[in-house]
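> Take this structure, written in structure tokens, and hold onto it; I'll ask about it next.
Just so you know, all these numbers are worked out from the coordinates, no wet-lab data involved. Only a predicted model underlies this, so the values are computations on that prediction, with no experimental measurement involved. Cβ coordinates were reconstructed from backbone atoms using ideal geometry, including for glycine residues, and neighbour counts include every protein chain displayed.
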Amino acid sequence: MTLARTAPLRLHRNGAIAAAGSRARVPQRRQIVNAAQLVNLMIMCVLLGAVIAIFTLSGGVLTNLKIHYLTPGGNFLEKLHPGTYATFIATLLLLMRDGDPIGEINRAFTDAKLLLVHLFCWFVLLIQMFVLERPFTVIIDTFLLPVLLCLLIWRLTPAQRRPLVWAIHATLLLNILIGYYEYFSGHRIIPLTLGSVLVVGEWRSAALLGHPLTASGIVGAYIMALVLRPAICPPITIRVPLIAFSLGSLMAFGGRTALMTVLLVLACLGLLETIRLIRGKRVPLLFAVGALCLLFAAAGIVFAALYLGIFDKMLLRFSSDKGSAMARFATFDMLNHFQWSELILGPNPVRVNALQSQLGLNYGIENFWVSCIVQFGLIHTILITLGLTCFFIELLRRSDLAAWAIVLLILMIAASSVSFSSKNIQLAQLVLLIALLLPRERAPTTAPPQPIHPRPPMAAPHVRAVPRDQEFA
């Protein structure tokens with residue numbers, strides 16, 4: 001009797017303890033979920049700050065703010081870009097989000113193994129910079145920052161990327177507006193500097209992007225993204241004026257390489273569309289009438305601008321480039337002044353600077369690969385080229401086909417200017433445009449087909465039996 005009475009009591013107590021334990025675990029799970037959401041929000045805010053800083057705080061802006069980013073002096077903390085610091089913070093938050101940094105690194109590189117090749121080449125270059133006691137911050141902002149930004153962006157959902165996309169649109173439109181203002185007013189918002197040297201007598205706008213060539217390249221890539229990926233701005237009544245507004249700013253920024261590359265891509269696109277029309281592609285009548293009206297309006301605006309002389313300064317750049325072509329010839333001639341033994345690991349920087357002054361290359365060596373050979377040596381130039389190739393293969397694998405046009409622009413910029421061989425964030429800016437504006441669309445997931453069950457045979461209709469004596473009654 002005693003055992004029979006105490007058994008239900010024990011079961012009741014055990015059930016109460018289990019229920020209390022489950023109630024205690026539910027708030028703990030909620031706390032974990034809330035902490036993860038808070039960390040995700042912090043990552044988003046820090047990344048948003050990084051994107052805004054990358055497109056507004058150029059080296060010229062930092063120099064104007066008395067920050068020794070490109071100029072001699074100052075402490076080590078001033079030698080890295082604020083966007084780099086924000087990216088480092090976001091990366092640390094991502095690694096500590098789930099309390100498993102090793103697992104997070106493993107997941108990040110599982111589908112991006114080619115990035116390991118780039119990081120290995122970068123690390124070898126970093127060792128050389130330490131051994132030769134040369135400044136190494138140049139390879140952090142130029143070659144490491146784009147990789148970290150991609151690793152962070154690829155872990156975001158489309159909804160989480162949306163504020164970053166809007167930040168790119170807003171900052172680029174701000175730079176375009178400033179470019180127009182500087183061009184037509186002749187007054188610079190931020191003084192144009194090359195290091196600690198103030199550049200005067202330059203009519204080309206730079207806005208907040210630091211240099212006219214940098215601004216031209218960024219805006220040119222933005223135009224090609226809008227043209228080749230209409231989904232970025234679906235309403236055509238907004239997209240077409242935005243493309244025209246941005247295309248006109250290339251005249252204010254004065255970059256010939258970016259302008260010619262954009263016009264080449266637009267011409268190829270127009271040629272392909274013409275071939276499709278000839279082969280019988282159907283076009284709505286309203287769309288055709290609107291396109292013809294826009295074409296005639298654009299032609300009228302262009303002829304009016306040429307008649308008024310608005311773009312005379314840009315057109316004179318094609319007839320008189322102020323020694324830019326001679327500087328490119330001198331760039332390739334510079335390698336003839338070094339021995340092969342010097343070019344293996346890079347010649348003495350003092351001799352390089354003396355040769356630059358002698359050959360008239362005061363604004364830098366206007367070719368990425370020649371400049372890298374002079375700075376880092378032939379071996380490390382090959383390594384960094386291999387690493388960048390692997391990085392762009394991985395980037396293109398995750399991007400829309402329109403990204404190939406921006407990669408073409410990047411190659412043209414690298415071959416015709418100082419570009420990525422000096423400390424700047426231009427490569428990170430172009431990579432952000434590809435990663436945020438031109439991601440590869442995921443294929444929609446379709447539900448598996450339902451098995452078709454054989455339909456049961458139709459039952460014979462029930463016929464009521466009629467007695468024979470009433471059959472013909």
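> For the ranges 371-378, 190-197, what's the packing order if you count other beta-carbon atoms within 10 Å of each residue, average per peptide, and put the highest first?
On the way: 371-378: 22.1, 190-197: 15.2.
Result, highest mean Cβ count within 10 Å first: 371-378, 190-197.
> Which FRET efficiency value, to the nearest 0.05, do you get for A415 and A36 by plugging their Cβ-Cβ distance into 1/(1 + (r/R0)^6) with R0 = 41 Å?
E between A415 and A36, to the nearest 0.05, is 0.35.
> Can you list the lysines whose alpha carbon is less than 18 Å from that of K79, not counting same-chain residues fewer than 8 positions off?
Straight-distance partners of K79: K66, K423.
> Would you mind checking which residues have amide H under 5 Å from L194's amide H? H placed 1.01 Å from N; only 5 or more apart, or other chain.
V199
> Let me ask something else about it. Which order, highest average first, do 34-41, 219-226, 137-144 follow once you tally other Cβ atoms within 10 Å for each residue and take the mean per peptide?
219-226, 137-144, 34-41
> Next up: Below 12 angstrom from the Cβ of A403, what's the summed charge of the other residues (Lys, Arg +1; Asp, Glu -1)?
On the way: positive: R229, R397, R398, R440; negative: E394, D400.
Computed value for this residue: +2.
> Where a ≥ b ≥ c are the square roots of the eigenvalues of the C-alpha gyration tensor, would you call the stretch 140-291 rounded, which needs a/c under 1.5, or, failing that, prolate if a/b is larger than b/c, or oblate?
Working: a/c = 2.11, a/b = 1.40, b/c = 1.51.
Oblate, since a/c reaches 1.5 and b/c is not below a/b.
> Once you sort the root eigenvalues of the Cα gyration tensor of the stretch 69-209 as a ≥ b ≥ c, which label holds: rounded (a/c under 1.5), prolate (a/b larger than b/c) or oblate (the other case)?
Oblate, because a/c is 1.5 or more while a/b does not exceed b/c.
> Of the options P230, L152, L277, report the single residue whose Cα projects farthest towards the positive end of the charge dipole of the stretch 148-290 (beta-carbon charges: Lys, Arg +1; Asp, Glu -1).
The one lying farthest along the dipole's positive direction is L277.
> Next question, about the same structure. How would you classify the stretch 116-184 from its alpha-carbon gyration tensor, with a ≥ b ≥ c the square roots of the eigenvalues: rounded for a/c under 1.5, else prolate if a/b is greater than b/c, otherwise oblate?
It is oblate, given that a/c is not under 1.5 and a/b is not larger than b/c.
> Separate question: Under a straight-distance cross-link criterion of Cα-Cα below 24 Å, which lysines are reachable from K313, leaving out those fewer than 8 residues away in the same chain?
Excluding near neighbours in sequence, the set is K322.
> Tell me, how many Å apart are the Cα centres for the stretch 375-444 and for the stretch 101-165?
13 Å
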